[in-house]
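*Asks:* Supplied in structure tokens, the structure appears directly below.
The values are calculated or read from the model by the stated rules, or taken from the named source; none is laboratory data. Just so you know, these numbers come straight off a predicted model, no measurement behind them. As a convention, Cβ positions derive from the backbone with ideal geometry for all residues, glycine included, and neighbour counts pool all protein chains shown. Surface accessibility is based on the protein's heavy atoms, side chains included, excluding ligands, DNA and RNA. Shrake-Rupley method; radii C 1.70, N 1.55, O 1.52, S 1.80 Å.
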Amino acid sequence: MDQVLSQEEIDALLNAMNTGEISEDTIEEEKNDAPKVREYDFRRPTRLSKEYINTLHMIFEDFSKMTGNVLSTQLRTNVSVDLAAIEQISYDEFMHSIPRVTLLGMFHSEPLKGSQLLEINPQLCSLMVELLCGGLDVRTQHPDEKIPSIESFSDIDLALMRELFKEIVNVYKTSWKDIVELNSKFDTIDTNPQLSQAMSPNEPVVLVTFTVKVFGISTFINLCIPYVFFEGILDKLSIRNWFDSSKDDNEDDSLEIKRGLNNVEMVIETKLGDAQMSFADFLNLEAGDVIRLDKKTTSPLETYIEGEPFFYVKPGQKDGQLAIELLDKMEGEEDQ
């Protein structure tokens, strides 16, 4: 604990400096002569230097962004994933920090050693399963409601989550592409982490924690990576290698990005118009009835892409099917 000086001692020290009895150089020499002690916890050995951890921050920042996009696509709602922390702990500490009943996905990444573990808590699993099954979650209107936890996972729950784990494993492989080419493969899924013997209790691991936000509800996903995974690529984790300007641009990367974008599905909707009627008239509607809209038949219609207005269109038919003809872009950015 640092020493706290009294007011008299502070006044005496200031007077001594004013009279020249004590100089700033003397104080600096005394500070330099004092023994420098740094705490070290042998139970939590630091194997990776700060430089390597900074590189991991950049890698897993990309991983979090891509995972957020994948989850948003799979769950059909906006999912935000952000990197929260990177810690160096033991495997035993990690196992004691997660719930007794949780979802633990195990995968490996050749040619590097060790198995990686991805942990998703039961509350988040419950929400994901509900959204994967097409449920409209009432928490959009009541975000403060507690997420119900899955106490036991059914075969259907595990099957759905297994496919989601595989998508995240593919993202993991892509996030390491600039460092090393990995062949990441999903192995198995477990609901009782206490029975998992993937590593020895004292084995050092890197624990990467991500915050996940869905419907305004915030929770966590943990990624556990053993130290042996990094042993073969320590030289590649250097910041100098990461920002090596001599690397040539890879045309294959650009083509891969284009192929990925071409496969993205987008929802296109055309609004015919609006109409108002009484509830009694609505109940009496029958096949063949005509509903009068607020638009003229000669007026262009509005088309929305992912809920955003983009084009003025004209309805028609093509090859015996309903179709629209694009007339003009609506006001907005050209590159939108």
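*Asks:* So what is the orientation-averaged projected area of the stretch 68-127, using the convex hull of its C-alpha atoms, in nm²?
*Replies:* Working: hull surface 22.2 nm².
Averaging across all directions leaves 5.6 nm² for the Cα convex hull.
*Asks:* Roll a 1.4 Å probe over the protein heavy atoms and report the accessible area of Lys185 in Å², nearest 10.
*Replies:* 100
*Asks:* On the first, second and third principal axes, largest extent first, how far apart are the outermost C-alpha atoms of the stretch 161-231 in Å?
*Replies:* 39, 34, 21
*Asks:* Let me ask something else. What distance in nm lies between label points placed 7 Å from Cα along the C-beta direction at Glu256 and Met330?
*Replies:* Output for this residue pair reads 3.6 nm.
*Asks:* Okay, next question. If the limit is 21 Å between Cα atoms, which of Lys177/Lys213; Lys50/Lys185; Lys65/Lys213; Lys166/Lys236; Lys271/Lys318 go over it?
*Replies:* On the way: Lys177/Lys213 26 Å; Lys50/Lys185 29 Å; Lys65/Lys213 12 Å; Lys166/Lys236 26 Å; Lys271/Lys318 19 Å.
In this structure, Lys177/Lys213; Lys50/Lys185; Lys166/Lys236 exceed 21 Å between Cα atoms.
*Asks:* Subtract the Cα-Cα distance of Thr211 and Cys133 from 0.36 nm times their separation in residues, and report this length gain in nm to one decimal.
*Replies:* Values: separation 78, 0.36 × 78 = 28.08 nm, distance 2.32 nm.
Here the answer is 25.8 nm.
*Asks:* So how far, in whole Å, is the C-alpha centre of the stretch 69-100 from the one of the stretch 310-326?
*Replies:* If you average the Cα positions of each part, the centres end up 44 Å apart.
*Asks:* Using a 1.4 Å probe on the protein heavy atoms only, what accessible surface does Met277 show? Give it in Å² to the nearest 10.
*Replies:* It works out to around 90 Å².
*Asks:* Can you pull the accessible area of His96 for me, 1.4 Å probe, Å² to the nearest 10?
*Replies:* Per-residue accessible area (His96): approximately 140 Å².
*Asks:* Also, I was wondering about something else. Stretch Ser49-Lys113 to full length: gain in nm at 0.36 nm per residue minus the Cα-Cα span?
*Replies:* Gain on stretching Ser49 to Lys113: 21.1 nm.
*Asks:* Test of understanding: what is the full-extension gain from Ile305 to Glu231, defined as 0.36 nm times their sequence separation minus their Cα-Cα distance?
*Replies:* Details: separation 74, 0.36 × 74 = 26.64 nm, distance 4.69 nm.
The span from Ile305 to Glu231 would gain 21.9 nm if fully extended.
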